[in-house]
Structures are given as structure tokens and as C-alpha cells.
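As C-alpha cells, the structure follows; a few thoughts come after it.
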Amino acid sequence: MSSMYRQLIVDRYKAPLFKGKLENADIYFHDANPLCGDEIEVFAKLDNEGKIREAKFDGTGCAISQASIDLLLEGIEGMTPDEIMELDAEFIKEMLNIPLTPVRLKCALLGLKVLQAGILVYKKKQETGKD
């Protein structure tokens, strides 16, 4: 494993760029991995074209889960919810560029899982017209 990528994980864990909360977020969801205790809530706002304008997260957990969501939120700016729904484990693995055991992969995927669940809730609200 490259020490550069290992350092990136540590840096994003210690000083995440996208940690915080957004008032009146279009997309919101909260979930946790009860097996390891990682917990993440995601907030995202869309622009007039339906693309991610701003995204933040809050939560606690291991370096992999926290760094992964921070890097993910950096990468989704300008994407549509549909594009985000197409992201998968391979995208996260490539983004992190470090070997992950199956347990660590669950940690790394938590943020994507939470974001995609939030998008499903958002889409359901759009379909039904309910908040």
C-alpha cells in the first residue's frame, strides 16, 4: 500500500474537509454500522439543475469510514442523484486506492450507502410531493 494514500486517509480522518451539517438539505439520511459502531449522517443541497451543489457529513467511526465519506463528498460535487446511485464498491475502492479486508470494505462503503439511501428518500418525496 502506498504511504501517500495511507497518509491521505489519516489526513482526511483528522481534518475532514466536508464535516458539518447543512440546514434545509435536499438530501438527508443517517445510518450506522452496529457491528463496528461507525455512524454517518449525510446532508446535500442541489442546484437549479438538480446537481449536487454542496454536501456535508457528520458522524463518528474509524479512519476508513470517516475518510471515505469525506473523499466521496468531494468527488460528487456537480453530479446528479442518478449518477451517484450508479456508484458502487469499485468506485470507493479506486477512490481510496488501498487494500481493504471485507470488514474494512463495509466501513468504507457506509458513507456511500447512507448517501444513496438519502437519495432514495429524496426521490420518494419528489414522486409523492410530500416532505
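The values are calculated or read from the model by the stated rules, or taken from the named source; none is laboratory data. None of the values given here were measured: they were computed from a predicted structure. In this analysis, Cβ positions are derived from the backbone assuming ideal geometry, glycine residues included, and neighbour counts consider all displayed protein chains.
For region 36-59, state whether one or more residues are surrounded by 17 or more Cβ atoms within 10 Å (Cβ to Cβ), of a type in the set (Val, Ile, Thr) and over 12 Å from the mean Cα position of the chain (by Cα). Yes - at least one qualifying residue is present in region 36-59. Just one of (1) in a loop (DSSP other than H, G, I, E, B); (2) surrounded by fewer than 17 Cβ atoms within 10 Å (Cβ to Cβ); (3) modelled with pLDDT of 95 or more fails for Ala25. It is (2).
Determine whether region 104-121 contains at least one residue that is exposed (fewer than 15 other Cβ atoms within 10 Å of the Cβ) and modelled with pLDDT of 95 or more. Yes; the residues of region 104-121 include at least one that is exposed (fewer than 15 other Cβ atoms within 10 Å of the Cβ) and modelled with pLDDT of 95 or more.
For first residues located in region 98-127 and of a type in the set (S, T, N, Q), partners that are assigned to a helix (DSSP H, G or I) and lie 6+ apart or on another chain with Cβ distances below 6 Å form the pairs Gln116/Met85.
Do we have any residue at all in region 52-74 that's closer than 23 Å to Lys106 by Cβ, of a type in the set (Lys, Arg) and touching a residue at least 12 places away in the same chain (Cβ under 8 Å)? Within region 52-74, one or more residues are closer than 23 Å to Lys106 by Cβ, of a type in the set (Lys, Arg) and touching a residue at least 12 places away in the same chain (Cβ under 8 Å).
Each row is one residue, and each column tells you yes or no for (1) touching a Phe, Trp or Tyr at 6+ places or on another chain (Cβ under 8 Å); (2) within 11 Å of Val42 (Cβ to Cβ).
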| site | (1), (2) |
| --- | --- |
| Lys56 | yes, yes |
| Ala63 | yes, no |
| Ser68 | no, no |
| Thr80 | no, no |
| Ile84 | no, yes |
| Asp88 | no, no |
| Ile92 | no, no |
| Met95 | no, no |
| Val114 | yes, yes |
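Name the residues in region 8-65 that are within 23 Å of Thr80 (Cα to Cα) and of a type in the set (Phe, Trp, Tyr), would you? The answer is Phe18, Tyr28, Phe29, Phe43, Phe57.
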